[in-house]
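Novice: Structure provided below as C-alpha cells; questions to follow.
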Amino acid sequence: MTLLKLFLIFLLQNLFLMKEIQGTIGYSSPSNIALVKYWGKHGFQVPMNPSLSMTLENCRSNTRVHYHTGVEQGGLEQVLFNGQESSDLQSKLGSWLEHISVFLPWLPTTRLRVETVNNFPHAAGIASSASGMSALAMCIAGIARHLGQLPESHPWAFTGHMARLGSGSACRSLQGPYMLWGQTHALENASDEYAVVVDQVHPLFQHLHDTIIVVDQQPKAVSSRAGHGLMDMHPYRSARISQAHYNLDRLLQAMYSGDWPVFESVVENEALSLHALMMSSEQGPLLWKGSTVEWMHYLRAIRRELQIPMAFTLDAGANLHLLYPDEARHQVLDLLQNAPLAALDFIHDHTGMGARCESDDRP
Ligand code: PMV
C-alpha cells in the first residue's frame, strides 16, 4: 500500500470519528422466555448450547438514548432506570460500551445519556436484562446507521452481536416470534454470535399465549453470571449439551409440524432440567417455592383431566410461565381464576415480533 493511500485512510477515519451529530433515539424491546434453555457459557458470552425462545409482546423495556457524536471526550454521562439514577447499571453499561467500541470506533468520542423504563414488575420472573439490553443495542445501532456505520447487509446480526455481549438472552429479543441462538446443525444460518428467526412454524404455534403465574417477588437468588458459572465444572455438563441439542431438534420438528404433545414434553423437560442442573451443581441453589411445586402438580393434573393444550416453563426463579395456543385461551383463563392455589399476580402476554423504534429526533 502506498503512503498516499495510508494517509487517505487515516484522514477518512478521523473525519468519520469527528462527525458531529446529536439527537435522541428511542426503542422499545420485549423480554423473551426460553423454551430450550441457555445455561452455561464459555469464552466471551459464547453459549454452551443452542437455545430457542419465544419473543414476548407486552413485557417491554422502553429506552431512550441522547447522543452527541464527534466530541473530544465521550462517555456515558448518566443512566436513569425507572426514573432513578442507577450507578450499578451505569457501570455495567459502561463496561459493555467499552467492549463494543472494538467494532464501533466512534463510541469513545460520543457522549451518551440513557433513560430506560420497564413496563413490567421487577422480580416477576420476566427477564429485564433481555428487554433492556436489546432495546439499548437497537438505539446504538440506530446511531451507527446515522453515521453510515451500520452494515446494511446484515444489520440484525450486527445488532444481535452487540446485544449478546450485554446479556446473552438479549440477542433473542430483537425479532420474533421465535428466535434461535447458538450453533446447531438443525438450522443452517444459526450462530453463536447472534440469534436468528425461526420462521415457518405451524399455525398452532404462530400465536401462543404466556401467562406468568407470579408466586414470589423476591429478587433473584442467583445472578445469571453466577448461574452460568455453575455449569463450568458441572458433573452433567456434557450430558446437558447433548440433551439441549436433542431437545432443540425435537422442539423444532414439533413446531414445524404442529405437534403439541411433543412441544409440551420438551418445554417442561427443559424447565425442569434447568432447575435440576442448578440443584445438582456445587452450591445447589433451590429456587422453587412450595407454591411453584403445587402449581406444577395442579397444572399437570387439570391438563390430564380436561385435555387442555398447555405447558409450563420456568426461568431462573420460582414463577411459572404457562404457554397455550389461542384456541385454549378461555379454558385456561377460567381454570386460572378458579384454581385452588394462590398467586400474587397473573401477567398476560403472548408472542411478539421484537424491538420497534419509538422515536428518532435530530434537531
Ligand atoms: O441472558 P442471561 O445471561 O441473563 O441468561 C439467561 C438464562 C435463562 O434465563 C435462565 C435461560 C434463557 O435461555 O433465557
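The values are calculated or read from the model by the stated rules, or taken from the named source; none is laboratory data. What you see is a predicted model, and the numbers here were worked out from it, not measured in a lab. A quick note on method: Cβ atoms are made from the backbone with ideal geometry, for glycine too, and the neighbour counts reach across all protein chains shown. Note: accessible area is taken over every heavy atom of the protein model, side chains too, but ligands, DNA and RNA are not part of it. Shrake-Rupley method; radii C 1.70, N 1.55, O 1.52, S 1.80 Å.
Novice: Filter segment 319-363 for residues that are part of a strand (DSSP E or B) and within 19 Å of Ser28 (Cα to Cα) and give the result.
Specialist: Ile347, His348, Asp349, His350, Thr351, Gly354, Arg356, Cys357, Glu358, Ser359, Asp360, Asp361
Novice: Give Arg111, Arg145 a once-over and let me know the one that is without any contact (Cβ under 8 Å) to a residue 12 or more places away in the chain and either farther than 15 Å from Thr55 by Cβ or aromatic (Phe, Trp, Tyr) (or both).
Specialist: Testing whether each residue is without any contact (Cβ under 8 Å) to a residue 12 or more places away in the chain and either farther than 15 Å from Thr55 by Cβ or aromatic (Phe, Trp, Tyr) (or both) leaves just Arg145.
Novice: Sticking with this one: Conditions: (1) within 15 Å of the ligand (Cβ to nearest atom); (2) of a type outside the set (A, V, I, L, M, F, W, C); (3) buried (at least 18 other Cβ atoms within 10 Å of the Cβ). Arg303 meets all but one. Number of the miss?
Specialist: Looking at each condition in turn, Arg303 falls short on (1).
Novice: Given the conditions (1) in a helix (DSSP H, G or I); (2) open to solvent by 70 Å² or more (accessible area, probe 1.4 Å), which single one is not true for Met233?
Specialist: Status for Met233: all satisfied but (1).
Novice: Select from segment 66-94 the residues that are part of a helix (DSSP H, G or I) and in contact with a Leu (Cβ under 8 Å, 6 or more places away or on another chain) and write down the one among them that is most open to solvent (accessible area, probe 1.4 Å).
Specialist: Looking at the filtered set, the residue picked out is Gln90.
Novice: What is the one condition in (1) at pLDDT below 95; (2) surrounded by 24 or more Cβ atoms within 10 Å (Cβ to Cβ) that Ala124 does not satisfy?
Specialist: (2)
Novice: If I ask for residues that are farther than 20 Å from Arg60 by Cα, aliphatic (A, V, I, L, M) and away from the ligand (no atom under 16 Å from the Cβ), which ones from segment 183-197 would you list?
Specialist: Ala186, Leu187
Novice: Residue check: is Leu17 at pLDDT below 95, aliphatic (A, V, I, L, M), more than 12 Å from the ligand (Cβ to nearest atom) and open to solvent by less than 50 Å² (accessible area, probe 1.4 Å)?
Specialist: Here the answer is yes, as Leu17 does meet what is asked.
Novice: In segment 173-182, what count of residues is obtained for those that are within 15 Å of the ligand (Cβ to nearest atom) and open to solvent by 10 Å² or more (accessible area, probe 1.4 Å)?
Specialist: Summing the residues that are within 15 Å of the ligand (Cβ to nearest atom) and open to solvent by 10 Å² or more (accessible area, probe 1.4 Å) in segment 173-182 gives 0.
Novice: In segment 312-342, what residues are of a type in the set (A, V, I, L, M) and touching a Leu at 6+ places or on another chain (Cβ under 8 Å)?
Specialist: Leu314, Ala316, Ala318, Leu320, Leu322, Leu323, Val332, Leu335, Leu336, listed by residue number.
Novice: Out of all the residues in segment 95-121, which are part of a loop (DSSP other than H, G, I, E, B) and either surrounded by fewer than 18 Cβ atoms within 10 Å (Cβ to Cβ) or touching a Pro at 6+ places or on another chain (Cβ under 9 Å) (or both)?
Specialist: Ser101, Val102, Phe103, Pro105, Asn119, Pro121, listed by residue number.
Novice: Being at pLDDT 95 or above and either aromatic (Phe, Trp, Tyr) or part of a loop (DSSP other than H, G, I, E, B) (or both) is the requirement here; does Met255 meet it?
Specialist: no
Novice: Starting from residues that are surrounded by fewer than 24 Cβ atoms within 10 Å (Cβ to Cβ) and among the small types (Gly, Ala, Ser), keep the ones in segment 136-166 and report whichever is nearest to the ligand (Cβ to nearest atom).
Specialist: Ala157
Novice: Would you say Leu287 is closer than 30 Å to Leu136 by Cα and surrounded by 16 or more Cβ atoms within 10 Å (Cβ to Cβ)?
Specialist: Yes.
Novice: Could you count how many residues in segment 195-230 are surrounded by fewer than 17 Cβ atoms within 10 Å (Cβ to Cβ), without any contact (Cβ under 8 Å) to a residue 60 or more places away in the chain and not in a loop (DSSP other than H, G, I, E, B)?
Specialist: Of the residues in segment 195-230, 3 are surrounded by fewer than 17 Cβ atoms within 10 Å (Cβ to Cβ), without any contact (Cβ under 8 Å) to a residue 60 or more places away in the chain and not in a loop (DSSP other than H, G, I, E, B).
Novice: Could you grab me the full set of residues in segment 210-231 that are in contact with a helix residue (DSSP H, G or I) (Cβ under 9 Å, 6 or more places away or on another chain), within 14 Å of the ligand (Cβ to nearest atom) and either on the phi > 0 side of the Ramachandran plot or of a type in the set (Val, Ile, Thr) (or both)?
Specialist: Passing the criteria: only Val222.
Novice: A further question on this structure: I'd like the full set of residues that are farther than 19 Å from Gly125 by Cβ, not small (Gly, Ala, Ser) and not in a helix (DSSP H, G or I), limited to segment 262-318.
Specialist: Glu282, Gln283, Gln307, Ile308, Pro309
Novice: Then there is this: Only one of Val102, Val114 is touching a Cys at 6+ places or on another chain (Cβ under 9 Å) and more than 16 Å from the ligand (Cβ to nearest atom). Can you tell me which?
Specialist: Val114
Every residue, every condition in (1) acidic (Asp, Glu); (2) under 28 Å from Leu251 (Cα atoms); (3) in contact with a strand residue (DSSP E or B) (Cβ under 8 Å, 6 or more places away or on another chain), yes or no:
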{"position": "Val102", "(1), (2), (3)": "no, no, no"}
{"position": "Trp106", "(1), (2), (3)": "no, no, yes"}
{"position": "Val114", "(1), (2), (3)": "no, no, yes"}
{"position": "Cys171", "(1), (2), (3)": "no, yes, yes"}
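Novice: Hey, Ser169 hits all of (1) free of Cβ contacts under 8 Å to residues at least 24 places away in the same chain; (2) of a type in the set (S, T, N, Q); (3) part of a helix (DSSP H, G or I) but one; which does it fall short on?
Specialist: With respect to (1) free of Cβ contacts under 8 Å to residues at least 24 places away in the same chain; (2) of a type in the set (S, T, N, Q); (3) part of a helix (DSSP H, G or I), Ser169 is out only on (1).
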